[in-house]
Amino acid sequence: MADEDDKINGTTGGFTSAGLKAEETALVLPAFDVAAALEIGQIAFEIATNRGINPAIEVRIGEWIVFHASLPGTNSENDWWMGRKARVVLLTGHSSMHERVLAEETNIDWFAKHGVAEEQYAIHGGGLPLIVKDEGFKGILLVSGLPQVEDHLLGVEVLTEFLARKGELI
């Protein structure tokens, strides 16, 4: 069992589905519109470039891509990954990392459970739901190009910074 635990922690950062749901609750936005989507994208771009990391970044309102940046070293494959992660978030309303961890915790075939093809859906970190207070799910922040745990953690950091700039406490 220890080897299996190490394998899961190695690919999913030791996250739990309960912890990831709590994270989604903590990252609820006060409002979300085109200006907010662009600001979230700019924050992600600033953090990435300041660190010298090069992911692809998208912010969507529903399925509409409002912000997209492909940093040096990314390519069209990153867009394919972001599309697959986006479909997971659109289907479930939860982060793509949450869905991966939940599938591992419950030992289910996520794709069979949802009746979808793996070629079109990716339960890999980097797709985060944008949930608005008193409104629910409104959009998606997507990061691709880093290891999946880092994709997810960058997204969390971006949303935390966005909320801090809005005076929201986490």
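Read the figures in this text as sums done on the coordinates, not as results from a lab. Since we're looking at a predicted model, the values are computed, not measured. Cβ: placed from backbone, ideal geometry, glycine included. Neighbour counts: every protein chain shown.
Applying the set (1) closer than 16 Å to residue 66 by Cα; (2) without any contact (Cβ under 8 Å) to a residue 60 or more places away in the chain; (3) not small (Gly, Ala, Ser) to residue 130 leaves exactly one unmet item: (2).
With within 14 Å of the chain's Cα centre (by Cα) and either part of a helix (DSSP H, G or I) or surrounded by fewer than 21 Cβ atoms within 10 Å (Cβ to Cβ) (or both) as the only criterion, which of 86, 69, 103 stands out?
Only one candidate passes the filter, namely 86.
Going by the conditions given, is residue 122 aliphatic (A, V, I, L, M) and touching a helix residue (DSSP H, G or I) at 6+ places or on another chain (Cβ under 9 Å)?
Working: aliphatic (A, V, I, L, M): yes; touching a helix residue (DSSP H, G or I) at 6+ places or on another chain (Cβ under 9 Å): yes.
Considered against the rule, which asks whether it is aliphatic (A, V, I, L, M) and touching a helix residue (DSSP H, G or I) at 6+ places or on another chain (Cβ under 9 Å), residue 122 comes out as yes.
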